[in-house]
1. Got a sec? Which of Gly398, Gly380 is at positive phi and surrounded by fewer than 21 Cβ atoms within 10 Å (Cβ to Cβ)?
2. Suppose the filter is part of a loop (DSSP other than H, G, I, E, B) and open to solvent by 50 Å² or more (accessible area, probe 1.4 Å); does Lys133 pass it?
3. Restricting to helices (runs of 4 or more DSSP H) lying wholly in segment 197-313: which have 1 or more residues that are under 26 Å from Asp480 (Cβ atoms)?
4. Looking for whichever is farther than 25 Å from Gly248 by Cβ, touching a residue at least 60 places away in the same chain (Cβ under 8 Å) and open to solvent by less than 20 Å² (accessible area, probe 1.4 Å) here; the options are Phe393, Phe424. Which one fits?
5. So which residues in segment 171-196 are assigned to a helix (DSSP H, G or I) and out of contact with any strand residue (DSSP E or B) (no Cβ under 8 Å at 6 or more places or on another chain), if there are any at all?
6. What do you reckon, is Leu146 buried (at least 16 other Cβ atoms within 10 Å of the Cβ), closer than 28 Å to Leu439 by Cβ, aliphatic (A, V, I, L, M) and at pLDDT below 95?
7. Name the helices (runs of 4 or more DSSP H) wholly inside segment 1-114 in which the number of residues that are farther than 23 Å from Tyr165 by Cα is 2 or more.
8. Restricting attention to segment 415-448, and to residues there that are modelled with pLDDT under 95 and closer than 20 Å to Ala532 by Cβ, which single residue is farthest from the chain's Cα centre (by Cα)?
Amino acid sequence: MSVDFDAVIIGAGFGGMYMLHKLRQKGFTARVFEAGKGVGGTWYWNRYPGARCDVESVQYSYQFSPELEQEWEWSERYATQPELLRYANHVADRYDLRRDIRFETRVSKATFDETANLWRVETEKVDGRPGDKITARFVITAMGCLSSPNTPKIPGLEDFKGPTYHTGNWPHEGVDFTGKTVGVIGTGSSAIQSIPVMAEQAKHLTVFQRTANYTVPAHNKPLDPDYVREVKANYPEMRRRAKTKPAGIDFTINPASAAETPEEERNRQFQARWDYGGLGFMASFSDLLLNDDSNKAAADFVRAKIGEVVKDPMTAAALVPKNIIGCKRLCVDTGYWATFNRPNVTLVDISDEPIERITPTGLRAKGQDFTFDCLVLATGFDAMTGALLKVDFRGRGGVTLKERWNEGPKTYLGLTVVDFPNLFMITGPGSPSVLTNMLPSIEQHVDFIADCLEALRAKGKTVIEPVPEAQEEWVGHVGDVSNITLRSTCSSWYVGANIPGKPRVFMPYIGGLPAYIQACEKVVANGYEGFALA
């Protein structure tokens, strides 16, 4: 039976765009469906004030094309959302991707036809109009790990009379808070980026903190042209070095143990990383996520910084995180703690007592009524699985993905799922994804999938799916390596703790990008070991 397309790709962010480009290069037909009006994925939707990447822009970029690397000019050390969106649009234009993308269209259902060995895909327009029914040999999800905004179920949320905004679905025209009183719920990454900017505009900003978070300074600045020239002259070497690092980011990891280093030298190392700024702070020593004492040394160093910046002792004490550093995603900020020295900013710590309810004019917490004109929900995402489970995927025997993942996501390599033939997930649960620089992780997955489809075509095969034993072994391995580190010891979105009722499973693969690439290469070298081909 003929199919409409070799592949349907869901999502037109960095994963979906490169997947389309790669499949075209290999002579496959593909159609991309994207809910937004444009490309960019994360950087299309997340337009909150202060939104920027926490990986340095020269590294948070595609590496599949040397020409693209050389022609694009980044302006800042950490690119802002508008600049990242311009980059995405440049890529879409450069490779003429839009002609194969259908915007403002969601995939609502995808059913595997076991007789014809193909996927029957149903779409709908975002305005509710019916879409198309098409067939494809393969379905590839490129929906992002942090793309399903989490709106907390706080009583009375619909009663608030003013405007409510979510950082993950910000109005594209922007929001002007000048002269407004604003309430912000949440102090995760998007809040830490947006609060300093909103505080400069708002008449008054009240921040409701559920969990104090660690953050390190970005020390963002315009990029020095000499530095850019040096990077561009040595891009291949930088990319090669990055692929040997657990997070896929080219920074130097100090091999020493923090616990075994004398205090004065240890603090000197921490301070040097602090002064440089960014996520490299966690590479100050090799065992910050392996040794309790080493972790405590790093945590205490950062905690002390809060007291040096925040003038009010009670506010400073409330901002001090109580969990281990690096257990939750480390944030990178510009002036976050200093914002709480402003006279128009109030911190309300609700870690011990949740918000009682939202009221028509604000909210009630700790027995007190707070009033404000606007409400901002900086409450994160249903990470890793949220977007995937919004599509009604049905595999062999009509089994749904939701049923399969009832006790938490199980995958083979974070790419495929038993009983869902010809379904691939870019940066799915069980792959390094959110613990790494997303761009090289995306490219590695896209290359794996495209090479796999090419290998199937060469062998005259049309169906590929993981065997249960291989999936169970991989799930076990993902669990085993997560238990070695301190990262799995706290309640974070890595384990789904921010979503009530979500199974507690450490979802990303923490073994590092090099070990993961090696595992994938071994699978291919052994004739797609762990997969059944038909």
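1. Values: Gly380 fails: surrounded by fewer than 21 Cβ atoms within 10 Å (Cβ to Cβ).
After ruling out the rest, the residue left standing is Gly398.
2. no
3. 235-242, 292-309
4. Just a single option satisfies the conditions, and that option is Phe393.
5. Within segment 171-196, just Ser190 meets the criteria.
6. Working: buried (at least 16 other Cβ atoms within 10 Å of the Cβ): yes; closer than 28 Å to Leu439 by Cβ: yes; aliphatic (A, V, I, L, M): yes; at pLDDT below 95: yes.
Judged against the criteria, Leu146 is a match.
7. Because the criterion is at least 2 residues that are farther than 23 Å from Tyr165 by Cα, the helices (runs of 4 or more DSSP H) in segment 1-114 that meet it are 14-25, 66-71, 81-94.
8. Start the filter on segment 415-448 by keeping residues that are modelled with pLDDT under 95, which leaves 427-438.
Subsequent filtering for residues that are closer than 20 Å to Ala532 by Cβ retains 428, 430.
Numbers: Gly428: 11, Gly430: 14 Å.
Looking at the filtered set, the residue picked out is Gly430.
The values are calculated or read from the model by the stated rules, or taken from the named source; none is laboratory data. Nothing here was measured: the structure is a model prediction, and the numbers come from that model. Methodologically, a virtual Cβ is constructed for each residue, glycine included, from the backbone with ideal geometry; neighbour enumeration extends over all protein chains shown. Side chains are part of the model used for accessible areas, which takes the heavy atoms of the whole protein and leaves out ligands, DNA and RNA. Shrake-Rupley method; radii C 1.70, N 1.55, O 1.52, S 1.80 Å.
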